[in-house]
Amino acid sequence: MIAVLPMKNRSKFRSLIGSLSLAMIAASAVAESPINYKDLGIVSEKPVEGIYVQVGDAFMVPYSMPIPGTEIQFTMIPVPAGKFMMGSPEDETGHQSDEGPQREVSVPPFWIGKTELTWAEYKVFMGMYPILKQLVSQKVRPITKDNRVDAITVPTPLYDPGHTYKLGSRPQQPAVTMTQYAAKQYTKWLSGLSGLQYRLPTEAEWEYAARAGSTTAYSFGDDVSKLPEFAVFAENAEVGAADVASLKPNAFGLYDMHGNAWEWVIDGYRKDGYPAGEKNTLEMIDAIDWPTAAYPRTVRGGGFQDDADRLRSAAKMGSDDEDWKGSDPNIPLSPWWFTDDPARSVGMRLARSYEPMAKELITKFWNIDNEDIELDVDIRLDEGRGVLAIPAPELAEDIKSSL
């Protein structure tokens, strides 16, 4: 069953993503049955050129895919398995106590976003509220006790979009100001549409990808004079973040790992550094510091407002919901949005494991992990300021019909 939005809701959806070109939001050719993306990014023959990662008899390669139901593309880059020293040594210029003690972490192969998530991508998710509200009212894919774990929540439109967009919302600028909870819901939504397991990267994966084989302060070395070639930061930023991929990539082919926007990882944040471990080498999953408190949680990479030392590969920052929502008039405060700096330089980047995760584990990457956040979301849903729905592949047709 396909939900056809009333004309007024279609107008709201078009208005929300009106900054995108008509070519970008033109509906893609969606087959009658959902597209199977299962083997996307995996080939059986060694590529003649370009980036690839061999895993057994197969090869991981870069791939681009549209958000189902649209022609808005994003690109994922393969990252090889390996071990690295996570964190920074005490003698590194700019070293902070939360970056140590260094520990060796083993990272399995995975894909990570070539760029930070853009407004072009995120505004499709922002436009889901009228679509999902219509589906819920028509009892399409109803929520049951058995499938509730697969459901997502999406917010109503921003109460004050002028604040969030003051520093720009061009299609290719990184999307910013979303909470970690909202970022996780985006990955769960995209996973439901595509059948692939998209998620936030772990802190170890993020740093491993940012370093791209380096052991220096930055992926290109220790010479900070080279930073403007790779990063948008306080020294060279104009108004707000630059369009993604405006400067040079690192050795893995990833753009803006230094600067432009801080990026959410799944981990909580410890001001006093990494917890002591008994193993000489931690597996990536074992290195995750699963958050329990509502905040702080970790963002990585530095943003356009930051000085050079905050853009080092090991640098991090803990979120602060009270300060970052200081201007939020909502009661309770929005579980989806921040209102205050530095949140206008906090965004996200997608990750996807080579080996699909077990349902219990991938669910930890997607779902609410704190009672306070759960209460805030439930209150908003009860008040009609959000909607709970199942992000099935068939939703691509609903998106297509709404454009």
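The values are calculated or read from the model by the stated rules, or taken from the named source; none is laboratory data. Just so we're clear, the structure is a prediction, and the values are computed from it rather than from any experiment. When we count neighbours, we look across all protein chains shown, and the Cβ atoms used for this are built from the backbone with ideal geometry, even at glycine. Ligands, DNA and RNA are stripped out before the accessible areas are found, and what is left, the full protein with its side chains, is counted by its heavy atoms. Shrake-Rupley method; radii C 1.70, N 1.55, O 1.52, S 1.80 Å.
Tell me, which helices (runs of 4 or more DSSP H) wholly within region 82-181 include 1 or more residues that are under 30 Å from S401 (Cβ atoms), open to solvent by 30 Å² or more (accessible area, probe 1.4 Å) and among the aromatic types (F, W, Y)?
128-137
Look through I362, I285 and report the one residue that is in a loop (DSSP other than H, G, I, E, B) and of a type outside the set (F, W, Y). Break it down stepwise before answering.
Numbers: I362 fails: in a loop (DSSP other than H, G, I, E, B).
Being in a loop (DSSP other than H, G, I, E, B) and of a type outside the set (F, W, Y) holds for just one of I362, I285, which is I285.
For region 257-282, which positions are open to solvent by 20 Å² or more (accessible area, probe 1.4 Å), not in a loop (DSSP other than H, G, I, E, B) and not β-branched (V, I, T)?
L282
Any idea which residue in region 291-332 is nearest to G347 (Cα to Cα), counting only those that are of a type in the set (S, T, Y) and out of contact with any Lys or Arg (no Cβ under 8 Å at 6 or more places or on another chain)?
In this case the residue turns out to be Y295.
How about region 350-380: which of its residues are under 18 Å from the mean Cα position of the chain (by Cα) and of a type in the set (K, R)?
Once the filter is applied, which keeps residues that are under 18 Å from the mean Cα position of the chain (by Cα) and of a type in the set (K, R), region 350-380 yields R352, K364.
Does region 325-350 hold any residues that are surrounded by 23 or more Cβ atoms within 10 Å (Cβ to Cβ) and touching a Phe, Trp or Tyr at 6+ places or on another chain (Cβ under 6 Å), and which are they?
Result: P335, F338, A343, S345, V346, M348, L350.
I'd like to verify a number: residues in region 190-236 that are more than 25 Å from V107 (Cβ to Cβ), open to solvent by 30 Å² or more (accessible area, probe 1.4 Å) and assigned to a loop (DSSP other than H, G, I, E, B), how many?
Total meeting the criteria: 4.
Can you work out which of the residues in region 287-319 that are among the charged types (D, E, K, R) and closer than 19 Å to Y274 by Cα is surrounded by the fewest Cβ atoms within 10 Å (Cβ to Cβ)?
D289
Considering only region 45-81, state which residues are among the hydroxyl-bearing types (S, T, Y), assigned to a strand (DSSP E or B) and surrounded by 14 or more Cβ atoms within 10 Å (Cβ to Cβ).
Selection gives Y63, T75.
Which of the residues that make up region 112-139 are within 17 Å of R344 (Cα to Cα) and among the small types (G, A, S)?
Listed by number, the list holds a single entry, A120.
Exactly one of these conditions fails for D372: (1) open to solvent by 40 Å² or more (accessible area, probe 1.4 Å); (2) more than 29 Å from T75 (Cα to Cα); (3) in contact (Cβ under 8 Å) with a residue 40 or more places away in the chain; (4) assigned to a loop (DSSP other than H, G, I, E, B). Give me its number.
(4)
In this structure, does S214 turn out to be touching a residue at least 12 places away in the same chain (Cβ under 8 Å), of a type outside the set (F, W, Y) and closer than 20 Å to G87 by Cβ?
Yes.
Being under 20 Å from P89 (Cα atoms) and touching a residue at least 12 places away in the same chain (Cβ under 8 Å) narrows it down to one residue among R297, R312; which is it?
Working: R297 fails: under 20 Å from P89 (Cα atoms).
On inspection, the qualifying residue turns out to be R312.
Just wondering, is there one or more residues in region 240-256 that are open to solvent by 50 Å² or more (accessible area, probe 1.4 Å) and of a type in the set (D, E)?
There is at least one residue in region 240-256 that is open to solvent by 50 Å² or more (accessible area, probe 1.4 Å) and of a type in the set (D, E).
Can you find even one residue in region 341-353 that is without any contact (Cβ under 8 Å) to a residue 60 or more places away in the chain and part of a loop (DSSP other than H, G, I, E, B)?
yes
Starting from region 106-123, keep only residues that are within 30 Å of K83 (Cα to Cα), then list their pairs with residues that are part of a strand (DSSP E or B) and among the charged types (D, E, K, R) whose Cβ atoms are within a distance under 6 Å, requiring at least 6 positions of separation or different chains.
Listed by first residue and then by second, the contacts come to S106/K83; S106/E283; W111/R352.
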